[in-house]
Amino acid sequence: MDLNTISLLIFGLTVLIIGGNLLLKAAVSISLRFGIPKLLIGMTVVSLATSAPELIVSIKSALKGSPDLAISNVLGSNIANLGLVLGITILFSPISISKSVYRKEWPIMMFSAIYFLIVIVDGTISKIEGGILVCFLVMTISALIKLRDKSEVELENSNEDSLFKSLFILFFGGLFLYYGSEWFIDGAIMLANSFGISERIIGITVVSVGTSIPELVTSLVAVFNKEKSISLGNLLGSNIFNVFAVLGITSLVTPLTVLDQSIINYDIYVMLFFAAIILPLIFFPKKLVLGRKEGIIILLFYTLYVYQLLIN
């Protein structure tokens, strides 16, 4: 491994994150200018914009002939959201869990995880299956908007810029996403080749953690600022969008075929494990609170999983 590979990875990731933030800012501003309700923005525009790095990385990985990188990016991001981001966040500060988490977001997330298993078990995700995933995305957005209390949705940045400025930011956000993902994926493939390891492992570790950095930074900033707006529902929502939006749209663009069978035989069940373990942790040992003990447990499981990946 040379310095160029590391530089390409870091620079590509940095540009990718900047692009995602610019896209989010522009999307919210344009939506407000056209009078779209904040509730609808929060459940659609914001959620999709924050999933843009994962979406672009998966699509371009698939088009570059690296389907394992595309699939493992979704798998790894979902595992990292609950095993790494949530674990570190509640390790710094306990968070209270709203009832909507186990009544709405968690069941939908579990359904998305189980359906992920169903569509991938034969080793391929066709365009038809991708279309079904996107249909589930539309149904999920509609259901969450109807069921969610308007007081639950708060936008951190609701400033409305001029239309010209918003379009300018949107253009450069898209440009940064395009080139950032290009460099980041090339760096990831070079890293896999230099170490002689599979794209699956690089996707689950380096790529997925990289695309989850915005969520991690946002969560930690909120903790340090004593803001209690961070909820488990946000991370569960991210996992739902990763399956229905990222995986669905990617397989619509190009069908995906699993090359490394460990994705089907092992990784998908690890994702299901992290999804399932959240429910009992919400109620035990302290009801509707995730604290430091739960954070240690989650991080321990995540560390063991990554360690097992690297030694095999």
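FYI, it's all coordinate maths here, none of it is from the lab. All figures in this text were calculated on a predicted structure; none of them were measured in a lab. Please note: Cβ atoms are built from the backbone with ideal geometry, for glycine as well, and neighbour counts cover all protein chains shown.
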* Structure fact -> Residue-ordered couplings for the stretch 21-34, obtained by feeding phi - 60° into the Karplus form 6.51 cos²θ - 1.76 cosθ + 1.60 and rounding to whole Hz (Gly and Pro as x), are 5, 5, 4, 4, 4, 5, 5, 5, 4, 5, 4, 5, 5, 8
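For every other residue with a beta carbon closer than 13 angstrom to the beta carbon of residue 9, add +1 if it is Lys or Arg and -1 if Asp or Glu, then tell me the sum. Kindly include the intermediate steps, with their values, before the conclusion.
Working: positive: none; negative: 2, 182, 186.
Net local charge, residue 9 excluded: -3.
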* To do: About the Cα centre of the chain, how large is the charge dipole given +1 on each Lys and Arg Cβ and -1 on each Asp and Glu Cβ? Please answer in debye to the nearest 20.
  => 980 debye
* To do: Can you tell me the dipole magnitude for the stretch 99-146 around its Cα centre, using point charges on the Cβ only (Lys, Arg +1; Asp, Glu -1), in Debye to the nearest 20?
  => 320 debye
* To do: Scan around residue 288 for amide H atoms under 5 Å from its own, H built in the peptide plane at 1.01 Å from N, and keep only partners 5 or more places away or cross-chain.
  => 283
* To do: Would you kindly derive the ³J(HN,Hα) couplings of the stretch 117-123 from the backbone phi angles with the Karplus curve 6.51 cos²θ - 1.76 cosθ + 1.60 (θ = phi - 60°), listing them in order in whole Hz, with x for Gly and Pro?
  => 4, 4, 6, 9, 5, 8, x
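Please identify the longest segment of the chain free of exposed GluC sites (Glu not before Pro), where exposed means a DSSP state other than H, G, I, E or B and no more than 16 other Cβ atoms within 10 Å. Don't jump to the answer; show the numbers that get you there.
On the way: sites that count: 154, 156, 160, 227.
By the stated rule (loop sites, at most 16 other Cβ atoms within 10 Å), 1-153.
So what's the back-of-envelope 222 nm ellipticity for the chain, counting only DSSP H runs of four-plus at -39500 (n - 2.57) apiece and dividing by all residues, rounded to 500? List each step's numbers first, then the result.
Values: 14 runs with 211 residues, N = 312.
That calculation yields -22000 deg cm²/dmol at 222 nm.
Pick out, in residue order, every one of the chymotrypsin sites (Phe, Trp or Tyr not before Pro) in the stretch 84-134 that is DSSP loop and has at most 12 other C-beta atoms within 10 Å; say none if there are none.
Details: sites: 92, 102, 111, 115, 116; in loops: none.
Filter output for the stretch 84-134: empty list.
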* To do: Apply the Karplus parameterisation 6.51 cos²θ - 1.76 cosθ + 1.60, with θ equal to phi minus 60°, to every residue of the stretch 83-95 and state each ³J(HN,Hα) to the nearest whole Hz, in sequence, with x for glycine and proline.
  => x, 9, 5, 5, x, 5, 4, 6, 5, 7, 7, x, 10
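Using the Cβ atoms and a cut-off under 14 Å, what net charge is assigned to the surroundings of residue 266, where Lys and Arg are +1 and Asp and Glu are -1? Walk me through the numbers before you get to the answer.
Working: positive: 200; negative: 68, 260, 267.
With Lys, Arg at +1 and Asp, Glu at -1, the neighbours total -2.
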* To do: List every residue whose amide H lies under 5 Å from the amide H of residue 124, counting only residues 5 or more places away in sequence or on a different chain, with H placed 1.01 Å from N in the peptide plane.
  => 258
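Given DSSP loops and a limit of at most 15 other Cβ atoms within 10 Å, what is the longest stretch of the chain that contains no such trypsin sites (Lys or Arg not before Pro)? Write out the running numbers ahead of the final one.
Values: sites that count: 64, 226, 228, 286, 287.
Result, exposed sites excluded: 65-225.
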* Asked: Over 31 Å between Cα atoms, which of 25/60; 127/165; 25/64; 99/293; 127/287; 64/146 qualify?
  -> 127/165; 127/287; 64/146
